[in-house]
Amino acid sequence: MAGRAKYLLKNFEELICGFFILIMVVTVIANVLLRYIFDYSIYWAEEVSTICFVWATFVGASAVYKHKMDIGIDVLLLRLPKFYQNIARFIVSILLLLINGYIFYMSIVFTHMSFQKPTAVLGISSAVFNSALIFGFGLITLHTLKFLKQDFVILVDREV
Amino acid sequence: MEVYLPALIVFILYFSSIPIAFALFGASIFYFTFFDAGMPAEFVLQKFITATASFPLLAIPFFVMAGSVMNYSGISTKLMMMADVLTGHMVGGMAQVNVVLSTFMGGVSGSANADAAMPSKILVPQMEQRGYGRAFSSAITAASSAISPVIPPGITMIIYALIAQVSVGKMFAAGYVPGFIMAACLMVAVAIISKKRGYKPSRANRANRQEVLHQFIDSVWSLSLPFGIILGLRFGLFTPTEAGAIAVLASGLIGVFVYKELKWEHFKPILKDTIYGTGTVVLIIVSASVFGYYLNWERIPQMLTEQLLLFTENKWLMLAVLNAFLLLIGMFLEGGAALIIVAPLVVPVVVKLGVDPIHFGMVMIVNIMLGGVTPPFGSMMFTTCSVTKVPIGDFVKEIWPFIIALLVSLMIVTYVPDLIMFLPNWMG
């Protein structure tokens, strides 16, 4: 039981993202097949698959961030002596916390402000799109905090 | 001058090791918070959503997934064997196989970096075992991975088509010739170096016709999938996004029923590939689009267009100037981000001078990919070196001949437009 909970927590983003990607794939494939075989189109297919895509993107971005798989270059940083490297990493983590935390905060404000606005086809609240930002950047901010703590520990250990 | 501050911030953040997407986000939110962009800062979040909630962009996860399905279906191995029967008998056989494999594969991951990572893991150790230097093997792997994004169904071409508002099908059709030119130039460079160093062929004899035919039949499904997509787009059977979904379905069916290698246990890794591929590439697209909003609001594309047109109205000279500019950008920025930021800036200029946007798209992609393998900051160079553990200094010594080969192909792609355009023009 504890093992399963640990697995769910460890792969939280992947599970959510995988769920949305599967719905997206099935909806689009079903729509094409239905159009050719039965001459029938699912009118909501495009909007539902787009909603899934938005969620897959921002939650997937958090999965990528968690594994530090984002594309960047640390060649200049690696040229610094180890101690300065640790300081630089700590500063970079603070900057990332500022960027991600601020986007997270703004996404809450934005989702709240545009809550009444309906989507084009289904007419439901546009929060169905916008809350993906809160969720994705919320998780990214949490990971940033975790990395910041790690960088801080490394920095302090080094000084001692 | 302060209008250029966000651009400066991107470079500072990027070079202090912040991933490109977050560097672009950081600079953009700085701009929308502290500058007057005609709207409250929170509204920039609307751009995050509008940049993502676009049905054509869905093609990206679909093609990433199709690529992963193909991989687990054993298609990559079959393509490698096909490359081996075609080129294994040449001097430097494995290096030639490396180039031809990149030409067969197509840039389905959406990031040339990811396209470079796979052969770095698989081919470089094999090449090393057969006596090739590790730095040489890494260099040819990085250089040949510049080919994949121009081979259909390369996602970079979809991104360009969306920005420049040209047909995805035509872009795909236009990709083959530049891809083959790049491959041919790299193969010549490989042959010259291999002859000098005595790198042996990977097979004793040239494959006979029967062997080639046998291998061709074995790989025909994977080789013909892109053609099917192009024809489907040409005849309006489906949209590019639907083509991606069909590619997932088709490659899955081929993997299960034809090659019989796709198993239930592959489901999880395929889904993970798609999640990470989508998370990386689409986030870069979103961040670059948000940054593009700042550029547009400050009318930077218009200013750049005016300045460039003041400099020259000769389209060939303009292409030379833009090539130099793009090469510089490609050396510093990741390919996808470079394309999304720069294409809206320069496409209007060349179109005004009578350059076909599809032709220019090819010039741009080939150029940015070349920048990606060029020292000191080419991102594909870092990807390859980090996978193969080759010191950058050693890599730099080996990459030069291939950079020259890719430069030659860039010149052909730029200055012989008829060669590039005959396939898309034939499509009508």
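Just so you know, all these numbers are worked out from the coordinates, no wet-lab data involved. What you are looking at is a predicted structure, and each value in this text was computed from that prediction instead of being measured. Neighbour counts are summed over all protein chains in view; Cβ atoms, including those assigned to glycine, are modelled from backbone coordinates with ideal geometry.
Where does the charge balance sit around B:Phe360 when Lys and Arg score +1, Asp and Glu -1, over other residues with C-beta under 13 Å from its C-beta?
Charge balance in the 13 Å sphere: +2.
Take the Cα coordinates of segment B:156-244, assign each an equal point scatterer, and use the Debye formula without solvent to give log10 I(q)/I(0) at q = 0.13, 0.16, 0.22 Å⁻¹.
Log10 I(q)/I(0), no solvent term: -0.69, -0.87, -1.10.
Please compute, for peptide B:46-52, the average count of beta-carbon atoms on other protein chains lying within 10 Å of each residue's beta-carbon.
Mean partner-chain Cβ count within 10 Å for B:46-52: 6.
Local charge sum around B:Gly74 (other residues, Cβ-Cβ under 13 Å, Lys/Arg +1, Asp/Glu -1)?
Net local charge, B:Gly74 excluded: +1.
Report, ordered by chain and residue number, the lysines lying within cross-link reach of B:Lys170, taken as a straight Cα distance under 29 Å and ignoring same-chain residues fewer than 8 apart.
B:Lys47, B:Lys78, B:Lys315, B:Lys352
What is the Cα centroid distance between segment A:1-59 and segment B:246-291, reported in whole angstrom?
12
Mind checking which aspartates and glutamates have their C-alpha under 19 Å from A:Lys10, skipping anything on the same chain fewer than 8 residues away?
A:Asp70, B:Asp273
Just to be sure I follow: if Rg is taken over the C-alpha atoms of chain A and Rh is the Kirkwood radius over the same atoms, what is Rg/Rh?
With Rh from the inverse mean 1/r over Cα pairs, Rg/Rh is 1.11.
Kindly point out which whole DSSP H helices in chain B project their C-alpha atoms 27 angstrom or further along the helix axis while averaging a Kyte-Doolittle hydropathy of 1.6 or above.
Span-like helices in chain B: B:392-415.
If I take R0 = 60 Å and measure r between the Cβ atoms of B:Phe422 and A:Ala2 in this structure, what FRET efficiency does the formula 1/(1 + (r/R0)^6) give, to the nearest 0.05?
It comes to 0.40.
If each DSSP helix of 4+ residues adds -39,500 (n - 2.57) and the sum is divided by the residues in the protein assembly as shown, what number results at 222 nm, nearest 500 deg cm²/dmol?
Rounded to the nearest 500, the figure is -26000 deg cm²/dmol.
Determine Rg/Rh for segment B:94-219; Rg is computed over alpha-carbon atoms and Rh is the Kirkwood hydrodynamic estimate from the same atoms.
Result for segment B:94-219 is an Rg/Rh of 1.02.
Per residue, how big is the convex hull of segment B:11-145 when only Cα atoms are used? Give it in Å³.
Taking the convex hull of the Cα positions in segment B:11-145, it is 138 Å³ per residue.
Using the alpha-carbon centroid of each, what span in Å lies between segment B:344-391 and segment A:138-156?
Computed from Cα coordinates, the inter-centre distance equals 34 Å.
Which trypsin sites (Lys or Arg not before Pro) from segment A:12-100 combine a DSSP loop assignment with at most 15 other Cβ atoms within 10 Å?
Listed in order of number, the matching sites are A:Lys68, A:Arg79.
Just tell me which lysines come within less than 24 Å, Cα to Cα, of B:Lys195; anything on the same chain fewer than 8 places away is out.
Filter leaves B:Lys397.
Step by step: find N for chain B, compute 2.2 N^0.38 Å, then divide the Cα radius of gyration by it. What's the final number?
Its radius of gyration relative to the 2.2 N^0.38 Å reference: 0.97.
Report the number of Lys pairs in segment A:65-160 whose alpha-carbons are under 22 Å apart, with separation of 8 or more residues or on distinct chains.
7
Based on a Kirkwood Rh over C-alpha pairs, give the Stokes-Einstein translational diffusion coefficient of the protein assembly as shown at 10 °C and viscosity 1.306 mPa s in µm²/s.
In µm²/s, the coefficient rounds to 64.
Please report, ordered by residue number, every helix of chain A (full DSSP H runs) that is 18 Å or longer along its axis going by C-alpha atoms and whose mean Kyte-Doolittle hydropathy reaches -0.5.
Helices passing the filter in chain A: A:12-38, A:45-66, A:82-113, A:127-159.
Please report the base-10 log of the normalised intensity I(q)/I(0) for segment B:1-89, using a Debye sum with one equal scatterer per alpha carbon and no solvent, at each q in 0.11, 0.16 (1/Å).
Debye intensities relative to I(0), on a log10 scale: -0.59, -0.81.
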